[in-house]
Every structure is written in C-alpha cells, then in structure tokens.
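Colleague: Structure below; questions to follow.
The values are calculated or read from the model by the stated rules, or taken from the named source; none is laboratory data. None of the values given here were measured: they were computed from a predicted structure. Every residue, glycine as well, gets a Cβ built from its backbone with ideal geometry; the counts of neighbours run over all protein chains shown.
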Amino acid sequence: MSLVELITTDDGSHSLFRPDLNETYHSRHGALQESQHVFLNNGLNFWLEKTGRNSLVIFEAGFGTGLNAWLTYRDARDKKLNVKYISVEAFPLQRDVWTQLNYAAGDPSFNDLHEAPWNEATSIDDCFELYKINGKLEDVSIAEGIDLVYYDAFAPAKQPELWQLAVLERVCRPLNASGVFVTYCAKGQLKRDLRTLGLEVETLQGPPGKKEMVRAVRT
C-alpha cells in the first residue's frame, strides 16, 4: 500500500496520515476519543442497551489501525460478551507501522489482533472471534446475520466509491432486525441512502471537533 506517516492527535493517541489521499485514518482532534464516541458509545453500547443481549456479530468496513477492534475486544472482555468480529481491509498495515501505535499501553491483545491471520477465523479468547478479510469492500461477500456495522471507510470526498448506494446496500442488507449501522460521517446523501434502504436514521452529536455523526437502525 501507499506509505503512511505516524501522527499524534489532540488527545495524545496516534493515527496515520495517507499522503496519497491527503487524509488521516482518524480525526486529528483525537483518534481514541473519536472511536470510543462513534463506534463504542453510540454503536456497541447502544446495541447492548437496545437488545439486552450479550452475543453479537459485528461487521467493520476498514480494519485500519485496529483501534475499533481493540476497543471492542476490551469491552467484550470486561463485559463478558460473546463477539464475532468481521473486518474488511484492502491495505493491511505492515508490522513496523502498527507496532508504533500507542493505543494499548502494552496490552498484548492489540498485537494478537494484528498478528491474527487474514481470511480465516481466529479465536482471540473465549469472548472474541476475529475474522479479518484482506480485500476490497466492493468485492467481499457479506453473510446474513449482522447485528452491528462499524462503517469506518475513508471520507466520501476521498473514497467516494465506498459511499455509493450499491455498496451501502451490500453492507446493510445482511443486518438483522434491530441491527445498527454507525459511522462518523453525517452527509445528507448518506442519510437519504440509508433511509432508501429501509433504515431509521438518527443524526447524533459527533465526537470532539466534529458536529454530527449518523446512526441507523433496522426496524
């Protein structure tokens, strides 16, 4: 993949910058707090409260730095959840990049997530099964039975092909009843497309430095 540059965001956590896209993997206002706010607080925790269940399947568009996966694994371990986590990534990071990231403060599970083989299911421990797919989102076959979607592709201005209705339909179609789609993006076209796909759309307060985000629910 293209070269990436390590950066430190405003909350002290690392992210990466892709010069070819002129884009960062996370908000410069804070990578850790963005992931926690968008995907954990308004995604996973919302789903847990809404359903009262503790077993779920998560589909993530963009494994990236592994931050969303690691935060989810940490919650699964602490809350005694049973999580099957499927993540698609076209350009996996090299070891010399992800080993520099400062999220996990020595927690070996972060390494376990990155070192798990691609394209096969791996049990990280009893609470968390990881299946990383090395491929393009547009080409991946997504099985039915998804409870929660973390949509963490690069912004529509940078990778517009990943925000087309046809791709969103491929991702949202497998959602179970009461399934949740959550993303940092709050573009009007995204919200219209999600409604076209039959989801109930909410515009929520965004993470620090961003006004809004979107959550959509299969009713």
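Colleague: Is it true that Leu71 is in contact (Cβ under 8 Å) with a residue 60 or more places away in the chain, outside any loop (DSSP other than H, G, I, E, B) and not charged (D, E, K, R)?
Modeller: In short, no.
Colleague: Test of understanding: among Glu49, Glu5, Glu23, which residue is without any contact (Cβ under 8 Å) to a residue 12 or more places away in the chain and not aromatic (Phe, Trp, Tyr)?
Modeller: Answer to the check: Glu49.
Colleague: Go through the stretch 114-135 and give me each residue that's part of a loop (DSSP other than H, G, I, E, B) and either in contact (Cβ under 8 Å) with a residue 40 or more places away in the chain or farther than 12 Å from Tyr85 by Cα (or both). Give the steps one after another, and end with the answer.
Modeller: Initial filter on the stretch 114-135 (part of a loop (DSSP other than H, G, I, E, B)): 116-117, 119-120, 126-127, 135.
Listed by number, the residues that qualify are Ala116, Pro117, Asn119, Asp126, Cys127, Gly135.
Colleague: Further question: Check the stretch 55-68 and report whether any residue there is modelled with pLDDT of 95 or more, of a type in the set (A, V, I, L, M, F, W, C) and part of a helix (DSSP H, G or I).
Modeller: Among the residues of the stretch 55-68, at least one is modelled with pLDDT of 95 or more, of a type in the set (A, V, I, L, M, F, W, C) and part of a helix (DSSP H, G or I), which makes the answer yes.
Colleague: Out of all the residues in the stretch 80-106, which are buried (at least 16 other Cβ atoms within 10 Å of the Cβ), over 15 Å from the mean Cα position of the chain (by Cα) and either over 14 Å from Val57 (Cα atoms) or charged (D, E, K, R) (or both)?
Modeller: Keep residues of the stretch 80-106 that are buried (at least 16 other Cβ atoms within 10 Å of the Cβ), which gives 81, 83-90, 92-93, 97-98, 101, 103-104.
With the extra rule that they be over 15 Å from the mean Cα position of the chain (by Cα), the set shrinks to 81, 93, 97-98, 101, 103-104.
Once the filter is applied, which keeps residues that are buried (at least 16 other Cβ atoms within 10 Å of the Cβ), over 15 Å from the mean Cα position of the chain (by Cα) and either over 14 Å from Val57 (Cα atoms) or charged (D, E, K, R) (or both), the stretch 80-106 yields Leu93, Val97, Trp98, Leu101, Tyr103, Ala104.
Colleague: Could you list all residues from the stretch 110-119 that are polar (S, T, N, Q) and either at pLDDT below 95 or surrounded by fewer than 16 Cβ atoms within 10 Å (Cβ to Cβ) (or both)?
Modeller: Across the stretch 110-119, the qualifying residue is only Asn119.
Colleague: From the list Val167, Val140, which one is more than 15 Å from Leu197 (Cβ to Cβ) and of a type in the set (A, V, I, L, M, F, W, C)?
Modeller: Val140
Colleague: What pairs come up if the first residue lies in the stretch 162-187 and is surrounded by fewer than 19 Cβ atoms within 10 Å (Cβ to Cβ), the second is assigned to a loop (DSSP other than H, G, I, E, B), and their beta carbons are under 6 Å apart, counting only those six or more places apart or on different chains?
Modeller: The qualifying pairs are Glu169/Leu197; Pro174/Ile142; Pro174/Glu144; Lys187/Pro156.
Colleague: Okay, next question. Inside the stretch 1-56, can you point out the residues that are touching a Phe, Trp or Tyr at 6+ places or on another chain (Cβ under 8 Å), buried (at least 16 other Cβ atoms within 10 Å of the Cβ) and β-branched (Val, Ile, Thr)?
Modeller: Val4, Thr24, Val38
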